[in-house]
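*Asks:* My questions all concern the structure below.
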Amino acid sequence: MSIENQPRSVSQTEQYEKCAWQFKLRRVDRVVPRPAAWSTHGTAFHSACEALELSGRTMSDEAAVETFSTQYSQLINKDLAKQPNISTWMSAGRGPAEDIEHRYTLGQEQTRQYAEWSRKNNTQIWTDPAGRPGIELSFTVEFGGVQVRGFIDQLIALPNRSVRPRDLKTGSTKSRFQLETYGLAVRKLYDVKVNDADWYLAKSGGLSRPVKLDQVTDDQLGERYAAMDAGVKAGRFPAQPGYHCRFCDVSHACSFRQ
C-alpha cells in the first residue's frame, strides 16, 4: 500500500509536523536510517516489560532481564549486519560502541527496576470485553475522517472504573499527543471512561504526573490527523531544518540538514 493510502499514526503525524522532508525521506523515498542503540534499548525494554506483565508478574526478575538482554543483543547484531561501520551509527553523549555497551547494562538495570516496581505497586491491568489484557493492545479508529492505528503499551484499570493509558519511556521525549490519541481511541472503541493517562519513566523508575484528558475532543485530534493526511496526499513535504537535524536518522541523505 502506498504511503498516500496508508492508515496514519502518532509517529507519522509528529514526524510530518516536525519536518515533512524527513517524513518523505523515510517513508516515501525509503532511505535506510542510520542505526541507533537508543532505539534498540527502547524496543528491548518494552519486550521485557510486556513479557513480565503477560506472565501475571510471575516471571522472575532474572528472566525479565534475560528477555531484555536477548532481544537487545539480537537487534543490535541485526543492525550490525546491515551497517557494520559502527562509526556511522547515531549516539548521544558518547561514541557509538560505548553507547551500545552502556545501554545494554542500563537496560538490564531498568528492566530489573521495573519488575520490582511493578510487583510493589501491583497495578491492575485492564482487560477488554474479548478478554484480551491491555498490554500492547492494537487499535484502529477514525479521527477527522482519517484512519489512525497504533499500539498502547498498557491500559490500567482504576478503582473508579475508569481506564488509564500508560506509555513506557526509556528516553526523555514524551508526547502528550500520543496519550491523547490513546485515550480517545479507548473511549471510542470500548465506551469506557478515560480521564487521564501517564508515562512510566525508566530513567527515574516511577510514574509521571497524570495528564488530564477529559477536555480533549475528537475534533482537536481530527484536525491534526486530517491536516497531515492532506499534506501527504498533496505531496507537500517542506523541510524544516533546525536543532533536531542532529538527531535525524536520515540526515545523511538530506541536502537541508543543519
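The values are calculated or read from the model by the stated rules, or taken from the named source; none is laboratory data. The structure displayed is predicted, hence computed values, not measured ones. Because the Cβ atoms are built from the backbone with ideal geometry, glycine has one as well, and the counts that use them run over all protein chains shown. Remember, those area values only see protein heavy atoms, side chains included, never the ligands or the DNA or RNA. Shrake-Rupley method; radii C 1.70, N 1.55, O 1.52, S 1.80 Å.
*Asks:* Could you please let me know if Ala202 is in contact (Cβ under 8 Å) with a residue 40 or more places away in the chain, open to solvent by less than 10 Å² (accessible area, probe 1.4 Å) and of a type in the set (Gly, Ala, Ser)?
*Replies:* yes
*Asks:* Looking at segment 179-191 only, could you name the residues that are open to solvent by less than 40 Å² (accessible area, probe 1.4 Å) and more than 18 Å from Asp167 (Cα to Cα)?
*Replies:* Selection gives nothing.
*Asks:* Kindly indicate which of Gly171, Gly183, Gly235, Gly231 is closer than 28 Å to Val28 by Cβ, part of a helix (DSSP H, G or I) and either free of Cβ contacts under 8 Å to residues at least 24 places away in the same chain or small (Gly, Ala, Ser) (or both).
*Replies:* Within the list Gly171, Gly183, Gly235, Gly231, the selection yields Gly231.
*Asks:* Does Arg94 satisfy the criteria of being more than 30 Å from Lys233 (Cα to Cα), surrounded by fewer than 17 Cβ atoms within 10 Å (Cβ to Cβ) and among the charged types (D, E, K, R)?
*Replies:* yes
*Asks:* Also, quick follow-up: Check segment 139-153 and report whether any residue there is of a type outside the set (Asp, Glu), farther than 25 Å from Cys19 by Cβ and either free of Cβ contacts under 8 Å to residues at least 12 places away in the same chain or touching an Asp or Glu at 6+ places or on another chain (Cβ under 7 Å) (or both).
*Replies:* No; the residues of segment 139-153 include none that is of a type outside the set (Asp, Glu), farther than 25 Å from Cys19 by Cβ and either free of Cβ contacts under 8 Å to residues at least 12 places away in the same chain or touching an Asp or Glu at 6+ places or on another chain (Cβ under 7 Å) (or both).
*Asks:* Which numbered condition trips up Phe256, out of (1) aromatic (Phe, Trp, Tyr); (2) open to solvent by less than 80 Å² (accessible area, probe 1.4 Å); (3) over 19 Å from Arg8 (Cα atoms)?
*Replies:* Only one criterion is unmet by Phe256, namely (2).
*Asks:* Hey, another quick one. How many residues are over 17 Å from Thr170 (Cα atoms) and of a type in the set (Phe, Trp, Tyr) if we restrict to segment 46-95?
*Replies:* Within segment 46-95, residues that are over 17 Å from Thr170 (Cα atoms) and of a type in the set (Phe, Trp, Tyr) number 1.
*Asks:* What are the pairs, 6+ residues apart or on separate chains, where a residue within segment 60-80 that is over 25 Å from Pro33 (Cβ atoms) has its Cβ under 7 Å from a residue that is open to solvent by 60 Å² or more (accessible area, probe 1.4 Å) and of a type in the set (Asp, Glu)?
*Replies:* Cβ pairs passing all conditions: Asp61/Glu116.
*Asks:* Is it true that Ser175 is over 14 Å from the mean Cα position of the chain (by Cα), open to solvent by less than 20 Å² (accessible area, probe 1.4 Å), of a type in the set (S, T, N, Q) and at negative phi?
*Replies:* Considered against the rule, which asks whether it is over 14 Å from the mean Cα position of the chain (by Cα), open to solvent by less than 20 Å² (accessible area, probe 1.4 Å), of a type in the set (S, T, N, Q) and at negative phi, Ser175 comes out as no.
*Asks:* Can you name every residue in segment 205-242 that is open to solvent by 40 Å² or more (accessible area, probe 1.4 Å) and on the phi > 0 side of the Ramachandran plot?
*Replies:* Selection gives Gly235 alone.
*Asks:* Identify the residue in segment 94-149 that is β-branched (Val, Ile, Thr) and outside any strand (DSSP E or B) and, among all such residues, is nearest to Val163 (Cα to Cα).
*Replies:* Applying the filter and picking the extreme gives Thr123.
*Asks:* May I ask you to list the residues in segment 13-31 that are closer than 30 Å to Thr111 by Cα and either at pLDDT below 95 or open to solvent by less than 10 Å² (accessible area, probe 1.4 Å) (or both)?
*Replies:* Listed by number, the list holds a single entry, Thr13.
*Asks:* Another question, if that's okay. What number of residues within segment 58-82 are open to solvent by less than 60 Å² (accessible area, probe 1.4 Å) and not in a helix (DSSP H, G or I)?
*Replies:* Of the residues in segment 58-82, 2 are open to solvent by less than 60 Å² (accessible area, probe 1.4 Å) and not in a helix (DSSP H, G or I).
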